[in-house]
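Just so it is clear, none of the values below were taken in a lab; they were calculated from the coordinates. Everything numeric here is computed off the predicted structure, so don't read it as measured data. No Cβ is skipped: glycine too gets one built from the backbone with ideal geometry, and neighbour counts run over all protein chains shown.
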Number of protein chains: 2
Amino acid sequence: MKKCRISVLVSGNGTNLEAILKSVEEEDIPGEIVVVISNVEDAYALVRARNHGVEARWVDPKAFPTRADYDRDLVRILSSKQVDLVVLAGYMLLLGPEVLRVFPLRVINLHPALLPSFPGTHGVADALAYGVKVTGVTVHFVDEGLDTGPIIMQEAVAVRGDDGLDALLARIHQVEHRLYPEAVRYFCEGRLRVEGRRVFID
Amino acid sequence: MKKCRISVLVSGNGTNLEAILKSVEEEDIPGEIVVVISNVEDAYALVRARNHGVEARWVDPKAFPTRADYDRDLVRILSSKQVDLVVLAGYMLLLGPEVLRVFPLRVINLHPALLPSFPGTHGVADALAYGVKVTGVTVHFVDEGLDTGPIIMQEAVAVRGDDGLDALLARIHQVEHRLYPEAVRYFCEGRLRVEGRRVFID
């Protein structure tokens with residue numbers, strides 16, 4: 001069985017990247033991370049990648065006249081590495097159609113809420129402000145909308161009466177670090193089947 | 001401690017009414033159901049109420065020139081019965097400001113999804129069609145929006161790979177029949193504290 005070739009796109013600290021790196025090293029995921037790409041020069045995720053002996057690149061969006069040009073450069077890198085799966089892990093830019101059309105149903109993202117509730121960049125704070133009693137974590141395929149693609153996995157996280165943002169974030173991160181490597185594993189095992197908007201794990 | 005005087009508004013079968021009637025009879029809820037009101041003449045919920053010796057009334061919306069007039073008649077009945085809590089249990093009309101301004105934070109509703117996801121009348125089918133892996137049940141205070149009021153309780157229900165609408169509905173109903181009486185109990189025990197959009201159970 002051919003190993004799944006994974007690229008992880010990051011912008012920040014990279015704790016989810018770390019969880020995936022660990023799962024790959026422990027051979028829970030039948031794949032390898034062939035390149036980590038950041039749009040932010042000093043993202044700590046780049047350091048994490050290198051610490052694990054994984055190639056890490058900063059690609060500066062400002063070096064390209066348009067976002068589409070930047071995305072085409074990502075495609076060039078991903079294609080040159082023969083990437084099977086693109087994993088967004090705290091990547092703070094929206095991927096444009098230039099990438100998504102070349103990698104249909106091959107880009108996945110993690111969202112810290114139970115989509116379709118609380119899309120966007122403040123999923124945890126928004127859930128807390130709304131006053132929900134249950135929020136959670138979603139892993140989904142990326143389409144051209146904002147957090148709208150077919151859902152691969154979700155797990156609920158209870159909001160407690162005394163929860164502030166930090167306490168709730170901490171519990172959500174715990175779930176993320178378990179759920180995301182599991183979703184990557186299912187993808188690499190070829191077990192995800194998409195029918196319309198529903199994703200089945202065979 | 002004065003018993004909480006409850007009215008339940010219904011339109012259909014009334015399985016949630018049945019669950020609350022049972023909780024009242026078993027004295028889990030420190031209250032009594034003083035009147036059940038239906039906007040539908042042949043709602044089976046009316047039969048259930050009478051079977052438990054509870055007053056059951058059909059109020060025909062068509063007998064009133066406007067919905068506001070109908071709602072004012074509801075207020076007249078609820079006030080004459082000195083109702084503390086109005087429980088919507090499969091009541092298929094939107095309550096207008098005529099009722100809500102007289103009973104602020106004293107009207108509660110049950111919704112078969114994790115609000116704010118999938119509001120409206122097809123919460124379960126909509127969740128299934130969207131492809132979520134986690135849905136659930138919400139009990140909330142009713143405000144003038146559609147399923148937008150402060151959330152009292154939520155419980156997650158996992159969507160299984162082979163779930164059709166009936167299977168998922170059955171598991172959601174099980175949770176409803178447990179959660180709704182519990183929320184009514186908290187209300188009647190005076191344990192619900194609302195701060196902005198957050199509801200705390202003391």
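General remarks:
- Length available on full extension from B:Leu165 to B:His122: 0.36 nm per residue minus the Cα-Cα distance, which gives 14.4 nm.
- Charge dipole magnitude, Cβ of K and R +1, D and E -1 - the protein assembly as shown, Cα centre, debye nearest 20: 120
- Calculated [θ] (222 nm, deg cm²/dmol) that DSSP helices of n ≥ 4 give over chain B, each run adding -39,500 (n - 2.57): -10500 deg cm²/dmol
- As a proxy for reagent exposure, B:Thr66, B:Thr135 were ordered by neighbouring Cβ count within 10 angstrom, fewest first; the result is B:Thr66, B:Thr135.
- For B:148-156, mean number of other protein chain Cβ atoms within 10 Å: 4
- The convex hull drawn around the Cα atoms of the range A:122-187, when projected onto a plane and averaged over every direction, covers 4.6 nm².
- Within-11-Å neighbourhood charge of A:Val157 [Cβ basis; K, R +1; D, E -1]: 0
- A point 7 Å from Cα along Cα→Cβ stands in for B:Asp166, and the other copies hold the same point at 5.2 nm, listed in rising order.
- Spherically averaged projected area in nm², based on the convex hull that wraps the Cα atoms of the range B:1-59: 3.6
- Remark: the range B:63-164 carries a charge dipole of roughly 200 debye about the Cα centre, counting +1 on each Lys and Arg Cβ and -1 on each Asp and Glu Cβ.
- Largest-first principal axis extents of the Cα set of the protein assembly as shown (Å): 76, 40, 37
- Counting lysine pairs in chain A that sit 8 or more residues apart in sequence, or on different chains, and whose Cα atoms lie under 29 Å apart gives 6.
- Cα centroid separation, the range A:1-44 to the range B:14-65 (Å): 57
- Within a Gaussian network of chain B (alpha carbon springs, distance under 10 Å), most fluctuating of B:His173, B:His140, B:His52: B:His52
- Solution diffusion estimate, µm²/s, Stokes-Einstein, the range B:27-153, Kirkwood Rh from C-alpha pairs, 20 °C, viscosity 1.002 mPa s: 135
- Using a Gaussian network model of chain B in which every pair of alpha carbons under 10 angstrom is joined by a spring, one finds that among B:Arg50, B:Arg106, B:Arg185 the greatest mean-square fluctuation is at B:Arg50.
- Dipole-positive endmost among A:Val102, B:Ala43, A:Phe187 within the protein assembly as shown (Cβ charges, Cα centre): A:Val102
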